[in-house]
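Structure first, then comments.
The values are calculated or read from the model by the stated rules, or taken from the named source; none is laboratory data. Bear in mind that the values here come from a model prediction, so they are computed numbers and not experimental data. Here the Cβ positions follow ideal geometry from the backbone for every residue, glycine too, while neighbour counts run over all protein chains shown. Accessible surface is based on the protein model in full, side chains and every heavy atom, while ligands, DNA and RNA are left aside. Shrake-Rupley method; radii C 1.70, N 1.55, O 1.52, S 1.80 Å.
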Amino acid sequence: MALLPILEFPDARLRIKAQPVSKVTEETRQLIDDMLETMYAAPGIGLAATQVNIPQCVLVLDLSEEKNEPLVLINPELLHREGQEETEEGCLSVPGVFEKVKRAEKIKVKALNRDGAVQEFEAEGLLAVCIQHEMDHLVGKLFVDLLSPLKRQLARKKARKDQRQREPGASPAKSGRGL
Ligand code: NI
């Protein structure tokens with residue numbers, strides 16, 4: 001396993017649209033293991049392959065307290081969305097910035113798991129928020145894109161400041177809710 005460097009806003013590579021995984025292979029599973037290790041180390045609760053400069057439709061999540069319930073979604077699709085809720089979000093690629101974002105409250109998702117099997121399930125609350133946040137990464141979108149222009153500008157400044165404050169090689173700012 002290996003820790004992968006996480007791209008940070010405004011890196012243009014975060015804007016690349018990910019390609020669907022045509023076949024889930026050992027290589028895909030290696031990427032998943034590396035992404036999980038990277039997410040846990042950050043620490044974060046979600047990570048999309050786009051964030052580690054691999055433009056493939058793969059994302060990992062773990063919302064459990066003990067960090068022992070990894071969820072892997074390959075080629076995720078939203079089959080249904082309903083309601084609306086506003087939740088404070090952060091992002092491992094936009095360190096130091098936490099803002100409220102509106103998303104669907106309930107979703108239905110279809111994706112492949114790490115064995116390449118199709119899974120379909122419904123999600124709500126924080127899980128639904130996280131899945132929508134990570135799926136946005138796969139199409140090159142960041143949560144700061146959903147903010148007002150003024151708030152987005154402030155977020156940009158804050159992220160830059162946070163990046164400057166960190167020594168090269170130092171661990172990222174603590175954020176238990178990074179996505
Ligand atoms: Ni994110």
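Quick check on my filter: what residues within the range 1-56 are part of a loop (DSSP other than H, G, I, E, B) and within 16 Å of Gly90 (Cβ to Cβ)?
Ile6, Leu7, Glu8, Phe9, Ala42, Pro43, Ile45, listed by residue number.
Residue pairs, Cβ under 7 Å, 6 or more apart or interchain, first in the range 90-110 and at positive phi, second open to solvent by less than 30 Å² (accessible area, probe 1.4 Å) and within 16 Å of the ligand (Cβ to nearest atom). List them.
Partner pairs satisfying both residue conditions: Gly96/Ala159; Gly96/Asp162.
Can Ser93 be described as more than 16 Å from the ligand (Cβ to nearest atom), within 26 Å of Leu4 (Cα to Cα), out of contact with any Ser or Thr (no Cβ under 6 Å at 6 or more places or on another chain) and open to solvent by less than 20 Å² (accessible area, probe 1.4 Å)? Write out each step before concluding.
Values: more than 16 Å from the ligand (Cβ to nearest atom): no; within 26 Å of Leu4 (Cα to Cα): yes; out of contact with any Ser or Thr (no Cβ under 6 Å at 6 or more places or on another chain): yes; open to solvent by less than 20 Å² (accessible area, probe 1.4 Å): yes.
No: the conditions fail for Ser93.
Which residue out of Leu146, Leu179 is modelled with pLDDT under 95, touching a His at 6+ places or on another chain (Cβ under 7 Å) and within 16 Å of the ligand (Cβ to nearest atom)?
On the way: Leu146 fails: touching a His at 6+ places or on another chain (Cβ under 7 Å).
Answer to the check: Leu179.
Just one of (1) crowded, with 16+ Cβ neighbours inside 10 Å; (2) part of a loop (DSSP other than H, G, I, E, B); (3) more than 14 Å from the ligand (Cβ to nearest atom); (4) among the small types (Gly, Ala, Ser) trips up Ser64, so point out which.
All conditions are met except number (1).
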